[in-house]
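What follows is a single structure, written as structure tokens, with notes after it.
The values are calculated or read from the model by the stated rules, or taken from the named source; none is laboratory data. From a predicted model like this one, the values you see are computed outputs, not experimental measurements. Neighbour counts are summed over all protein chains in view; Cβ atoms, including those assigned to glycine, are modelled from backbone coordinates with ideal geometry. Calculation scope for accessible area: heavy atoms of the full protein, side chains included, ligands and nucleic acids excluded. Shrake-Rupley method; radii C 1.70, N 1.55, O 1.52, S 1.80 Å.
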Amino acid sequence: MDQLVTMAMAAQPASPTSPHVAHKIPAGDGPYARAKHFQLVEKDLDASIAWFWKAISTGDKVDSALKDMAVVMKQRGYLTEAIDAIRSLRHLCPKQSQESLDNILLDLYKASGRTKEEIELLKQKLRKIYLGEAFHGKTTKRARSHGRKIHVSVRQETSRILGNLAWAYMQQRNFMAAEVVYRKAQMIDPDANKACNLALCLIEQTRFADAELVLADVLAGRYLARDQQQDGKIVRKVEELLARIVAQTWPGGGANSGRRRDESGSESDDDDDWVENQMLALLDVAVPYRKSSKRLPVFEEISPVYREQVAC
């Protein structure tokens, strides 16, 4: 990295700035402005990384420099270096920048296959929501989606993070934990994509009948897609999952019926109660039932404090 810095200090912006990127480059000739020029105009990513380092070390837009540098490092494949940079330098950034740094870190963990650390950070984000820290006592917050500013509710954000956590457990092949988290996410803010992922989780557990029930709800239009394009993708995903069920159950030998059973061996008819009991036990919330000694490792470290806007 020191070599990169030396090279960047010698490099000077040469290409003229095109109009469509000019507004993205801050005015002036400071390190951060130079870094953005090398990133967006010169397309010299290594030089931009070095100038971002220079900006951080000189206190020039430190939070923006750190976030942009990590993104560029990911583009160059420097995943470990990007993770280390955020971890070691985030204390220099203001409190309002910490959430966006967490999001970049999650993206880096996912890209580098560091699922265990991804899970821990997702659990930390959930803890902040449960403690009321993520939304600063409000019921919504501003966020960006595909370049547009939107308002996200506590329920939507909680469900989104739970969906990401469940998918991370899927990568660990911890399908039982993934099922609990997916079902809780669907209870808070259901959507078709997470329903399909839940069905996949059930298929991996050879719970084919349960998976078919979930997919039937999707095909019946119980969950609204965001747009027609997404709706088409969901239909294709459902068809692929149903085809997989047929392939794994035909000619009918070897696979079980796919229904979840309770500890007595009988089929469970109340999925909502089952999910709530599992989640409350995992969160160590005092409830009027006898907790099982077998606990899934989903939220074992999350605070038992509930917020009404999440629990309702």
inquiry  = With θ taken as phi - 60° and the coefficients 6.51, -1.76 and 1.60, list the Karplus ³J(HN,Hα) couplings across segment 46-61 in order, rounded to whole Hz; mark glycine and proline as x.
reply    = 5, 5, 5, 4, 5, 6, 5, 4, 4, 4, 5, 5, 9, x, 9, 6
task = Choose one of Met170, Val152, Leu121: the residue whose Cα lies farthest towards the positive end of the charge dipole of segment 114-175 (beta-carbon charges +1 Lys, Arg; -1 Asp, Glu; about the Cα centre).
result = Val152
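Using only C-alpha positions, report the orientation-averaged shadow area of the convex hull of segment 166-242, nm², one decimal. List each step's numbers first, then the result.
Working: hull surface 18.7 nm².
So the Cα hull casts an average projection of 4.7 nm².
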Segment 37-105: trypsin sites (Lys or Arg not before Pro) in DSSP coil with no more than 13 other Cβ atoms inside 10 Å = Lys43
key: Computed accessible area, Tyr109, all protein chains, 1.4 angstrom probe, square angstrom   = 10 Å²
inquiry  = As an exercise, use a Förster radius of 35 Å and the Cβ-Cβ distance of His136 and Leu40 to find the FRET efficiency, rounded to the nearest 0.05.
reply    = 0.60
task = Mind checking segment 91-145 for GluC sites (Glu not before Pro) that DSSP puts in a loop (not H, G, I, E or B) and that have at most 14 other Cβ atoms within 10 Å?
result = Glu133
ask   = Among residues other than Lys95 whose Cβ falls under 13 Å from its Cβ, what is the net charge (Lys/Arg +1, Asp/Glu -1)?
value = -2
query = Where does segment 114-175 land on Rg(C-alpha)/(2.2 N^0.38 Å)?
reply = 1.22
task = Report the semi-axes of the equivalent ellipsoid for segment 108-236 in whole Å, largest first, where each axis is √(5λ) for an eigenvalue λ of the Cα gyration tensor.
result = 24, 20, 14
note = Expressed in angstrom and ordered largest first, the alpha-carbon extents of segment 24-113 along the principal axes are 36, 27, 20
task = Counting other Cβ atoms within 10 Å, keep those with at most 16, restrict to DSSP loop, and tell me which GluC sites (Glu not before Pro) in segment 163-251 are left.
result = none
request  = Under 22 Å Cα to Cα from Lys36, which lysines show up? Leave out anything in the same chain fewer than 8 places away.
outcome  = Lys24, Lys54, Lys61, Lys67, Lys74
